[in-house]
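Each remark here refers to the structure printed beneath this line.
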């Protein structure tokens, strides 16, 4: 028999999920509508210049901008669709209702899902100078034939983990997404997502509904739904999800090179400059620097941003999913 406290608790959770839905939709749809508005403005400008043969260079520039914004718009709409699926599934999971899923035996499922997720995050990857690295996947013939999973669930699981990686990675770092055959069974895959950014708690329960770590709360990003949904879907597929997080440097690693290269050190910062030189040498010794730092050049970052974030520690976070 349900008590009044049970009903109150359920009402609160429903209200929280409804709030989460509003936040997610507002976040992405606002971006999509903004891009659409700019796209309409640029189209009008392009129409006004097409009649003039002397403005060919302007036409090309405008068309390039239009194409760029159009791609961003499509990506935003795809993200919105995935976020809405997240909320629907999160709502069902919080009430103990699990969605049915179909098995697929297509060996290209992982490749197709990762390719799609990379594309829809491309704008943010470019904005943050991130590199998305996917080592080649090789499996035995037996493993290819034996593997079955839900493409829909796999997409949402990886979307939530990769979305967090993009969101919380330091600017100018690499994100690795790889899939390997498990040693114990050909019917399972281990998918590993590695990023370099803020600290993710290993204590507590980051997979709990609405759980937000200290640093993610300070960054004002996320509402603590993604890992909850990912963990529940992995569990429903009979798999496991776990993570580990370790400190790599007490500094923002990509900014070390920028700080020293731009010679931002002032007379009052001699001690910091010496520390950064020493840290750079340490990171270079075991190739840590090349593993972490993206080959994307910083083209839109100010000296003030580098100075204000140089003391931001760099953590390596590894999420592993076995399904």
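The values are calculated or read from the model by the stated rules, or taken from the named source; none is laboratory data. Remember, it's a predicted structure, so these values are computed and weren't measured experimentally. When we count neighbours, we look across all protein chains shown, and the Cβ atoms used for this are built from the backbone with ideal geometry, even at glycine.
Assorted remarks:
- Residue count for the stretch 199-231 under the criterion of being at pLDDT 85 or above and either under 19 Å from residue 158 (Cα atoms) or out of contact with any strand residue (DSSP E or B) (no Cβ under 8 Å at 6 or more places or on another chain) (or both): the result is 4.
- Residue in the stretch 270-292 that is touching a residue at least 60 places away in the same chain (Cβ under 8 Å) and either out of contact with any helix residue (DSSP H, G or I) (no Cβ under 8 Å at 6 or more places or on another chain) or crowded, with 19+ Cβ neighbours inside 10 Å (or both) present: yes
- Scanning the stretch 293-310 for residues that are in a helix (DSSP H, G or I) and exposed (fewer than 11 other Cβ atoms within 10 Å of the Cβ) yields a single hit, 304.
- Pick from the stretch 244-257, criterion in contact (Cβ under 8 Å) with a residue 60 or more places away in the chain and touching a helix residue (DSSP H, G or I) at 6+ places or on another chain (Cβ under 9 Å), ranking: surrounded by the fewest Cβ atoms within 10 Å (Cβ to Cβ): 250
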